[in-house]
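Visitor: Encoded as structure tokens, here's the structure I'll be asking about.
The values are calculated or read from the model by the stated rules, or taken from the named source; none is laboratory data. All of these numbers come straight from a predicted model, not from anything done at the bench. Ideal geometry is used to build each Cβ from the backbone, glycine not excepted, and the neighbour counts take in all protein chains shown.
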Amino acid sequence: MKFTDFDLSKNSDGLLPVVVQDSATLKVLMVAYMNEEAFEQTVATGQATFYSRSRKAIWKKGETSGNFINVVSMYPDCDNDTLLIMGKPCGPACHRGTTSCFDTPDNEGFVRKLQSVVQQRHRDMPEGSYTTYLFNKGVNKIAQKVGEEAVETVIEAIDGNKERYLYEASDLIYHLLVLNEQMGFSIKDIEDELASRHK
């Protein structure tokens, strides 16, 4: 993908609008602009770099705050005049210190965020972490916990105890994320499998 591939004929300033989305939670983080230099720097460094219309200068997101956005993937839109960046934010994306420049709920996409925490625990195996304990015990223990939480979830559903059901269902989802990681799969893999069944 090259900057010259984009059709910016409708943009009087010749800038490319960019939507930035968290690759883990799918939360929309911000909207900014790129000129060719910012685009090339983004491609070369793997960190989101933009053009400030007010300062008329290049700025790498996080250069002063440390809240960089590491690019995972980039997609042009259907008209080839806007870019979507899927990235991993290193801290808040907004200058206000909030996760996003848009005031959507902070817990939006939290299951995916929790998945990324589980994946990080699996990589780092920090001492004192319950998730580390499960990975150390292996697939049999993790699968046992999924089974226990599934049974407890079913019991609360049959008893009609909605508060306890929600608690146990949340435990089930967490342990299933751990088992999924142990088995080498992600939420996206499950989505792909479900999508393949949807006719």
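Visitor: Arg55: under 21 Å from the mean Cα position of the chain (by Cα), over 28 Å from Tyr174 (Cβ atoms), free of Cβ contacts under 8 Å to residues at least 24 places away in the same chain and in a loop (DSSP other than H, G, I, E, B), yes or no?
Guide: no
Visitor: Does Gly62 satisfy the condition of being exposed (fewer than 15 other Cβ atoms within 10 Å of the Cβ) and either within 16 Å of Met30 (Cα to Cα) or not hydrophobic (A, V, I, L, M, F, W, C) (or both)?
Guide: No.
Visitor: A further question on this structure: Considering only region 82-161, give the helices (runs of 4 or more DSSP H) lying wholly within it that have at least 3 residues that are within 19 Å of Leu29 (Cα to Cα). Steps first, answer last, please.
Guide: Values: elements: 110-124, 130-137, 139-159.
Filter on region 82-161 gives 110-124.
Visitor: Now for a different question. Give me the pairs, please: first residue somewhere in region 107-122 and free of Cβ contacts under 8 Å to residues at least 60 places away in the same chain, second residue anywhere and assigned to a helix (DSSP H, G or I) and surrounded by fewer than 18 Cβ atoms within 10 Å (Cβ to Cβ), beta-carbon distance under 6 Å, and either six or more positions apart or on two chains.
Guide: Arg121/Thr132
Visitor: Do we have any residue at all in region 160-171 that's of a type in the set (A, V, I, L, M, F, W, C) and more than 19 Å from Phe110 (Cβ to Cβ)? If you could, list the steps in order and put the result at the bottom.
Guide: We begin by selecting, within region 160-171, every residue of a type in the set (A, V, I, L, M, F, W, C); these are 166, 169.
Now restrict to residues that are more than 19 Å from Phe110 (Cβ to Cβ): none.
So far as region 160-171 goes, no, none of its residues is of a type in the set (A, V, I, L, M, F, W, C) and more than 19 Å from Phe110 (Cβ to Cβ).
Visitor: Step by step: first the residues of region 88-107, then only those that are touching a Lys or Arg at 6+ places or on another chain (Cβ under 9 Å) and closer than 22 Å to Thr64 by Cβ, then the one that is surrounded by the fewest Cβ atoms within 10 Å (Cβ to Cβ). Which residue is that?
Guide: Selected residue: Phe102.
Visitor: Pairs needed: first member in region 171-199, under 27 Å from Glu156 (Cβ atoms); second member anywhere, acidic (Asp, Glu) and not in a loop (DSSP other than H, G, I, E, B); C-beta distance under 7 Å; at least 6 residues apart or different chains.
Guide: Short answer, once both residue conditions are applied: Asp171/Glu149; Leu172/Glu149; His175/Glu149.
Visitor: When Cys78 is evaluated against the numbered criteria (1) at pLDDT 95 or above; (2) outside the structural domain of Glu191 (by TED's automatic domain parsing), which criterion, by number, is the only one it fails?
Guide: In the conditions (1) at pLDDT 95 or above; (2) outside the structural domain of Glu191 (by TED's automatic domain parsing), Cys78 misses (1) alone.
Visitor: Out of all the residues in region 20-41, which are within 19 Å of the chain's Cα centre (by Cα) and surrounded by 16 or more Cβ atoms within 10 Å (Cβ to Cβ)? It would help to see each step written out before you state the result.
Guide: So the first thing to find is which residues in region 20-41 are within 19 Å of the chain's Cα centre (by Cα), and the list is 20-32.
Passing the criteria: Val20, Gln21, Asp22, Ser23, Ala24, Thr25, Lys27, Val28, Leu29, Met30, Ala32.
Visitor: Looking at region 174-199 only, could you name the residues that are among the aliphatic types (A, V, I, L, M), assigned to a helix (DSSP H, G or I) and surrounded by fewer than 14 Cβ atoms within 10 Å (Cβ to Cβ)?
Guide: If the condition is that a residue be among the aliphatic types (A, V, I, L, M), assigned to a helix (DSSP H, G or I) and surrounded by fewer than 14 Cβ atoms within 10 Å (Cβ to Cβ), then Ile190, Leu194, Ala195 are the ones that fit.
Visitor: Quick check on my filter: what residues within region 108-148 are at pLDDT 95 or above and in contact with a Lys or Arg (Cβ under 8 Å, 6 or more places away or on another chain)?
Guide: Residues satisfying the conditions are Ser129, Thr131, Thr132, Leu134, Phe135.
Visitor: Could you tell me whether Pro76 is in contact (Cβ under 8 Å) with a residue 60 or more places away in the chain and closer than 19 Å to Ile187 by Cβ?
Guide: Here the answer is no, as Pro76 does not meet what is asked.
Visitor: Something else: Take Ile142 and tell me if it is assigned by TED's automatic domain parsing to the domain that holds Val31 and crowded, with 18+ Cβ neighbours inside 10 Å.
Guide: Working: assigned by TED's automatic domain parsing to the domain that holds Val31: no; crowded, with 18+ Cβ neighbours inside 10 Å: yes.
It is false that Ile142 is assigned by TED's automatic domain parsing to the domain that holds Val31 and crowded, with 18+ Cβ neighbours inside 10 Å.
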